[in-house]
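Participant: Got a structure for you, written out below as structure tokens; questions coming shortly.
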Amino acid sequence: MSEEVVQPASFAFDPESEAAIAQIVARYPAGRQASGVIPLLYVVQRQMKRETGSAWVPLKGMDAVAERLEMAPIRVYEVATFYFMFNMKPVGKFHMQVCGTTPCWLRGSDDVLKACKEAAGVTGYGQTSEDGLFTLTEVECLGGCVNAPILCVDDDYYEDMDYDSTMRLIEALRRGDRPVPGSVIGRQTSAPMGGPQVLTDVPGE
């Protein structure tokens, strides 16, 4: 039996969210505001993170989006439950999302997963650590395949991960440090390992 999610009794957009909503809704023609449903769900999730420390979208938050965009609530529910980036229940302070799709798997995502389990103290996907700091989730293709394996923590991508770098990252987060996102091996954007190359730099040419 799945655990019951305790829903807040109410939800109201705070001033920071209201400012974001004003910018989002202005992008769409009159009568087409429903196109902003995904950005507004992000607004709700980020506000919940600010208010509770857990980034998720409660039912009352979805209702608030529906009212603001003049949509039937069921249409908002359909969108929120379809996309994995919206959390339908509270998550830990640090939401660790491990990509296990083919490029990441071939380059060692199993080792990243193993380190996440050991360092965070969870047994598998969908688990939150007892201290409430870490939630572990499996995701399909984070879109950073060239720098695989990828571990996404909240909205930050940590690239070229392995067992040891994952352990160090989680230990840093536990201490309250937030390492700079990006390649942990110093790769320049998505250049080849060892640095950028052009055709004249290729050995033997």
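Participant: Rounded to the nearest 20 Debye, what is the dipole magnitude of the chain about its Cα centre when Lys and Arg each give +1 and Asp and Glu each give -1 at the C-beta?
Facilitator: The dipole of the chain has a size of about 420 debye.
Participant: Work out the charge dipole of the chain with +1 on the Cβ of Lys and Arg and -1 on the Cβ of Asp and Glu about the Cα centre, then indicate which of Tyr28, Leu40, Trp56 is farthest towards its positive end.
Facilitator: Going by the Cα projections, it comes out as Tyr28.
Participant: Now for a separate question. Give, to the nearest whole percent, the P(r) tail of the chain beyond 20 angstrom, counting all Cα pairs.
Facilitator: 63 percent
Participant: Here's another thing I want to ask about it. Could you give the dipole magnitude of segment 94-183 about its Cα centre, charging the beta-carbon of Lys and Arg +1 and that of Asp and Glu -1, in debye to the nearest 20?
Facilitator: Details: 7 positive and 16 negative charges, 16 e Å.
Here segment 94-183 has a charge dipole of around 80 debye.
Participant: Which Cys residues of the chain have no other Cys beta carbon under 4.7 Å away?
Facilitator: So far as the 4.7 Å Cβ criterion goes, Cys116, Cys141, Cys145, Cys152 stand without a partner in the chain.
Participant: Between Glu118 and Ser10, what FRET efficiency comes out of the Förster formula 1/(1 + (r/R0)^6) with R0 = 30 Å and r the beta carbon distance, rounded to 0.05?
Facilitator: Result of the calculation: an efficiency of 0.15.
Participant: Quick one: pull the percentage of alpha-carbon pairs in segment 15-82 with a separation above 21 Å.
Facilitator: Percent of Cα pairs beyond 21 Å in segment 15-82: 18.
Participant: Figure the gain on full extension for Ile74 and Thr189 (residue separation times 0.36 nm, minus the Cα-Cα span) and round it to one decimal in nm.
Facilitator: 37.3 nm
Participant: Also, I was wondering about something else. How much length would be gained if the chain were fully extended between Glu130 and Glu67, taking 0.36 nm per residue of separation minus their Cα-Cα distance, in nm to one decimal?
Facilitator: Contour length minus the Cα-Cα distance gives 19.1 nm.
Participant: Another question about this same structure. Between Met88 and Thr102, what length in nm is gained on full extension when 0.36 nm per residue of separation is reduced by their alpha carbon distance?
Facilitator: 2.4 nm
No lab work stands behind these numbers, since they all come straight from the coordinates. Quick caveat, the model's predicted, so the values are computed rather than measured. Here Cβ is always computed from backbone atoms with ideal geometry, including for glycine, and neighbour counts include all displayed protein chains.
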